[in-house]
1. Assess whether Pro285 counts as being touching a residue at least 24 places away in the same chain (Cβ under 8 Å), open to solvent by 20 Å² or more (accessible area, probe 1.4 Å) and within 25 Å of Ala360 (Cα to Cα).
2. All but one of (1) surrounded by fewer than 24 Cβ atoms within 10 Å (Cβ to Cβ); (2) at pLDDT 95 or above; (3) away from ligand 2 (no atom under 16 Å from the Cβ) hold for Phe110; which doesn't?
3. Does Pro139 satisfy being assigned to a loop (DSSP other than H, G, I, E, B), in the same structural domain as Ala220 (by TED's automatic domain parsing), within 10 Å of ligand 1 (Cβ to nearest atom) and modelled with pLDDT of 95 or more?
4. Considering the stretch 55-100 alone, what residues qualify as being within 15 Å of ligand 1 (Cβ to nearest atom) and part of a loop (DSSP other than H, G, I, E, B)?
5. Could you count how many residues in the stretch 232-265 are touching a Pro at 6+ places or on another chain (Cβ under 8 Å), open to solvent by 60 Å² or more (accessible area, probe 1.4 Å) and part of a loop (DSSP other than H, G, I, E, B)?
6. With Glu186, Glu225 as the choices, which residue is modelled with pLDDT of 95 or more, assigned to a helix (DSSP H, G or I) and open to solvent by 60 Å² or more (accessible area, probe 1.4 Å)?
7. Step by step: first the residues of the stretch 1-22, then only those that are free of Cβ contacts under 8 Å to residues at least 40 places away in the same chain and not hydroxyl-bearing (Ser, Thr, Tyr), then the one that is most open to solvent (accessible area, probe 1.4 Å). Which residue is that?
Amino acid sequence: MPLSFIILAAGQGTRMGSERPKVLHPLAGAPLLVHTLKTAAAMAADKTVVVAGHGADLVRQTVAAHAPDTEVVVQARQLGTADAVKAARPALANGSAAGDSIVLYGDTPFIRPETLAKMQTERSNGAAVVVLGFRARDPGRYGRLILDQGGALQKIVEAKDATPQQLALDFCNSGVICAPTALLFELLQNVDNKNASGEYYLTDIVALARARNLACAAVACDESETQGINSRAELARAEAVFQDRARQSALANGVTLSAPETVFFAHDTVIGRDVEIGPNVVFGPGVTVESGVTLRPFCHLEGCHVSQGAIIGPFARLRPGAEIADNAHIGNFVEIKNALVGQAAKVNHLSYVGDATIGAGANIGAGTITCNYDGVMKHPTVIGAGAFIGSNTALVAPVSVGAGAMTGSGSVITRDVPDDALALSRVAQDNKEGFVARYMARLRTIRERRKNKS
Ligand code: UD1
Ligand code: MG
């Protein structure tokens, strides 16, 4: 059956205290909204519609970058969740799209695909409208799910409109709702705003469906899944929750973490088995680490790929486009950007390697710098297999050093070096025998003369 997603993301998020739309604040290196988009993608959605409002242009840019097939519609004024869903109507064949729709929130990143699958099961068991609920530790201002004697969902009452008896219930609405797309839009036509908030409540569709003798059901999930983000404090808590889960899952998947609580993952980090990660390693987005890699303490990795058996760090920085081949070594205070470090090559100390290709088995001496930027453009450096770059070499790109070639330490290399050649570009050393002793003696004599005069 075709499946559509409607992701509500029009709210301003006043409590974030931010110029940025709430759903674009980052969690584990990706905007909140991207987490929800990933959930939809994991369900093999046929169509996903994001309802934007505040900062719609920025939301559109983010969606285009992360999920180009997703449509963004704009809800002109935030009149309530029912009005927000209605804004998606034109994007869903004017409400006549085949199959089901699931409504998600762009600020609720932890809903699991498995939970949505449970809701789909309830749909196939005959419920027209299925709502995701949870037992709230502090039900506060959540909508309450009212069940009938048989345990079927009867209606949803918003906290502001609830009686004291209803407020005493702890089974709450997560906001996630699944229904046939056509029925959803039909029911929405009859939602009004005669309630304590003067808003159009999406939650009203449950009572409207029941009035038409359609069965409704509530599926329960753990509260941690429905955690929404409304403030920076909640964002920080969500980050902690994400990191804790990512650490547990890394450990469960055969990764050694010597100090798990100090390692930070991104939403898309992929780590192979038998990888050893020391303390204080931080992953930005887009990192894949193959099995058997060692990441020593205090490394920062982002947008890079590390192949089997490589040893990285301590204190290494792998920036976007770093491709580290099998068994290569990247040592302390080394920065690699947009560069391929070949098999078993070594860049062990204090180097910057950018826009470069380093051949297999090459040895890059301490303090080597690829001077890749001329102030306007970036230029490539190519180092052949087995080359030996002397310490403190500056490679002024574009430049190449041939296979098996060598540069003298301290050289500034501005011209290509042929295979097997030695390139030296520094002032030849001149030893002046006895110079220092004679020089010091002369200075002392001058000092004595000045003293005697005064
Ligand atoms: C909503 C539910 C409540 C549920 C709670 C869970 C309704 C009427 N109430 O309440 O039952 O317990 O979520 O968190 O649905 N949004 C728009 N456009 C709007 C209004 C909201 O896009 O006009 C978006 C918001 O950005 C947010 C989501 O919809 O992502 C929920 O809106 P919010 O105002 O937070 O609803 P609650 O009052 O929390
Ligand atoms: Mg809310």
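The values are calculated or read from the model by the stated rules, or taken from the named source; none is laboratory data. As the structure is a prediction and not an experimental result, all values here were calculated from the model. Glycine also receives a Cβ, built like all others from the backbone with ideal geometry; neighbour counts cover every protein chain displayed. Please note that ligands, DNA and RNA were not included when accessible areas were found on the heavy atoms of the full protein model with its side chains. Shrake-Rupley method; radii C 1.70, N 1.55, O 1.52, S 1.80 Å.
1. It is false that Pro285 is touching a residue at least 24 places away in the same chain (Cβ under 8 Å), open to solvent by 20 Å² or more (accessible area, probe 1.4 Å) and within 25 Å of Ala360 (Cα to Cα).
2. That leaves (3) as the condition not met.
3. yes
4. Result: Gln75, Ala76, Arg77, Gln78, Leu79, Gly80, Ala87, Ala88.
5. 1
6. None of the other options fit; the residue is Glu186.
7. Glu19
Yes/no matrix, rows are residues, columns are (1) closer than 26 Å to Leu3 by Cβ; (2) within 13 Å of ligand 1 (Cβ to nearest atom):
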position: Ser124; (1), (2): yes, no
position: Val130; (1), (2): yes, no
position: Phe134; (1), (2): yes, yes
position: Ile156; (1), (2): yes, yes
position: Ala162; (1), (2): no, yes
